[in-house]
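Reviewing the structure listed below.
The values are calculated or read from the model by the stated rules, or taken from the named source; none is laboratory data. As the structure is a computational prediction, the values presented were derived from the model and not from experiment. Every residue, glycine as well, gets a Cβ built from its backbone with ideal geometry; the counts of neighbours run over all protein chains shown.
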There are 2 protein chains.
Amino acid sequence: MERRFESYRRKIEASLKAALPNDTSGISRVMRYSVLGAGKRLRPMLFIAAYESLGGLISRAVLRIACAIEFIHSFSLIQDDLPAMDNDDYRRGRLTAHKAFKEDIALLASDALLNEAYRITLENGGIEEKLRVKTALELTRAVNRLLEGQEKDLSLSRLKPRTLSELDKIYLNKTAALITCCLRIAGILRGVSDSRLNCLSSFGQRLGLAFQIQDDILNVTGDKRALRGKRFSDQRWGKITYVSIAGIKKSKGIVTRLIKEAKKDLEKIKNLDKGRLLGFCEVILRRTY
Amino acid sequence: MERRFESYRRKIEASLKAALPNDTSGISRVMRYSVLGAGKRLRPMLFIAAYESLGGLISRAVLRIACAIEFIHSFSLIQDDLPAMDNDDYRRGRLTAHKAFKEDIALLASDALLNEAYRITLENGGIEEKLRVKTALELTRAVNRLLEGQEKDLSLSRLKPRTLSELDKIYLNKTAALITCCLRIAGILRGVSDSRLNCLSSFGQRLGLAFQIQDDILNVTGDKRALRGKRFSDQRWGKITYVSIAGIKKSKGIVTRLIKEAKKDLEKIKNLDKGRLLGFCEVILRRTY
């Protein structure tokens, strides 16, 4: 399983390099810096894993969609780090885009990544137009939820609420929406029924929520070197997290429960070769950074 | 002619109100504030004028595309005004989005406008999928050029160049690209040939350039009340403009020449009812704010 994911990752890295603009303009440089940094590529890997699990064959056209997903993720990270947002100087052990360059060009590069995500999805001859439209629309919905989640997150840091269900709402938008989108797009491209799409969505929501809670846990307990300066960053900013509300033990229990339920969702999906997605659940559960 | 444009404007305003999200979330409020402010609606009007001139009938589906164009324009204005960019407190006589609200939410609203532009273009049942893809792709290209233009503009404010041709490159990206896009989309939706599309592009580039130079002129000579605090704003920031390089008289001459050449472009386009677009040229020439 590990080897399979490693092969996904290599394909994605190569496709990202090819999909990014290669000119010398300032914006392109910042786009390359931000995307080709040190991402885990979880979202595009999940998309490809789901696509293969539904009987699809990885092609250049499919890898372009994987790149579009990662572009959107990078867009959101650049903006989250901006002074007006979380004001972070480091991300994945390197300077954030606005610190390595300037704030204005970091912002333009983030816009360009969002925009390019749509361009490469729509300018994708290997996929019929109807499916390109559906895929791009799924992306627009995920981005909308991402923005809503970010807004709620910002307003919550001011209001300091104390319930897990309020946090769930943010995590479902900020993290789980794009993860769910990866699974839905895989389903759409494979032409699955609406009921199978709904099961994929449910799996994605649970997996996404588990992933974000795991993030909260790792922020406190995680491998310091692997996290490269990330550890404790949430506490430094006094951010409300699952851990700060429920404690580590309870949070871990919730992650385990969510992953268990997510695995059950997979059982409901007909003609799905579950192995890869079950492996993905283990990756989420066992990750140390 | 005036009355026709007034009727366009009314239709566009009504469509914008309907197309904007109506919920109480912070982002939606900022989107409505920014879009429903006091825009001239030149770009969507130009799109509709071109579409009708090519024999098209205005429909709800076409007005949705007009809204997408205006959303993209609003996205760029919000971001141009941000502290990291031009740092403007006022726009169209009102507080800029980040001043009326907060910087973080203004940024999220600008993203949401760009994203919604793609969503309403692609989720547009009244237009066949193939044309939706082409239309959205034209928008992605215009946005790319807009971002490039903004980047060049920012780097030039630091380097202070002195040639009009350097300024032309910026204006062609920052202003003319979206104006050209309005004309090209009208052509694409009407299924015109590539050679007619090229003529429309050429017309759009000249019109867009003339519009931006006129903007530079009005910044110095314009009707102060109508410009609502905008007059002299470029000079206050020491920005290089057509007027600062070539003076008012020469700049006016260039506008007149560009509009004359733009009108000639129209003559080359077969089956075009030129009246509306000629009227548009006059609007650009005679505008006082």
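Could you please let me know if A:Ala61 is closer than 21 Å to A:Arg190 by Cβ and without any contact (Cβ under 8 Å) to a residue 60 or more places away in the chain?
no
What's the total number of residues in the range A:113-122 that are more than 7 Å from chain B (Cβ to nearest Cβ) and within 17 Å of B:Gln150 (Cα to Cα)?
Count: 2.
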Pairs, please: C-beta under 6 Å, at least 6 apart or cross-chain, first residue farther than 14 Å from B:Glu70 by Cα and in the range B:133-147, second of a type in the set (Asp, Glu)?
B:Val133/A:Glu129; B:Leu137/A:Glu123; B:Leu147/A:Asp111
Is there a residue being assigned to a helix (DSSP H, G or I), free of Cβ contacts under 8 Å to residues at least 40 places away in the same chain and within 23 Å of A:Ser59 (Cα to Cα) anywhere in the range A:160-175?
no
What tally of residues in the range A:124-154 results from selecting those that are within 7 Å of chain B (Cβ to nearest Cβ) and buried (at least 16 other Cβ atoms within 10 Å of the Cβ)?
13
Only one of B:Ile69, B:Ile65 is crowded, with 24+ Cβ neighbours inside 10 Å, more than 14 Å from chain A (Cβ to nearest Cβ) and under 15 Å from B:Ser34 (Cα atoms), namely B:Ile69
Can you pull out the residues in the range B:82-112 that are away from every other protein chain (no Cβ under 12 Å), buried (at least 22 other Cβ atoms within 10 Å of the Cβ) and within 16 Å of the chain's Cα centre (by Cα)?
B:Arg91
For the range A:279-289, how many residues meet the condition of being outside any loop (DSSP other than H, G, I, E, B), charged (D, E, K, R) and in contact (Cβ under 8 Å) with a residue 24 or more places away in the chain?
1
Residues A:Lys99, A:Lys134, A:Lys130: which one is part of a helix (DSSP H, G or I) and touching a strand residue (DSSP E or B) at 6+ places or on another chain (Cβ under 9 Å)?
A:Lys99
Test: residue in the range A:80-96 that is in a helix (DSSP H, G or I) and of a type in the set (Val, Ile, Thr)
no
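The rows are residues; the columns are (1) of a type in the set (Ser, Thr, Tyr); (2) crowded, with 23+ Cβ neighbours inside 10 Å.
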| residue | (1), (2) |
| --- | --- |
| B:Glu166 | no, no |
| B:Ile179 | no, yes |
| B:Leu183 | no, yes |
| B:Arg190 | no, no |
| B:Ser195 | yes, no |
| B:Leu200 | no, yes |
| B:Gly208 | no, yes |
| B:Ile217 | no, no |
If we keep just the residues of the range A:10-29 that are more than 18 Å from A:Ile120 (Cβ to Cβ) and either modelled with pLDDT of 95 or more or in contact with a Gly (Cβ under 7 Å, 6 or more places away or on another chain) (or both), which is surrounded by the fewest Cβ atoms within 10 Å (Cβ to Cβ)?
A:Arg10
Set B:Asp104, B:Asp89: member being touching a Lys or Arg at 6+ places or on another chain (Cβ under 9 Å) and over 20 Å from A:Tyr118 (Cα atoms):
B:Asp89
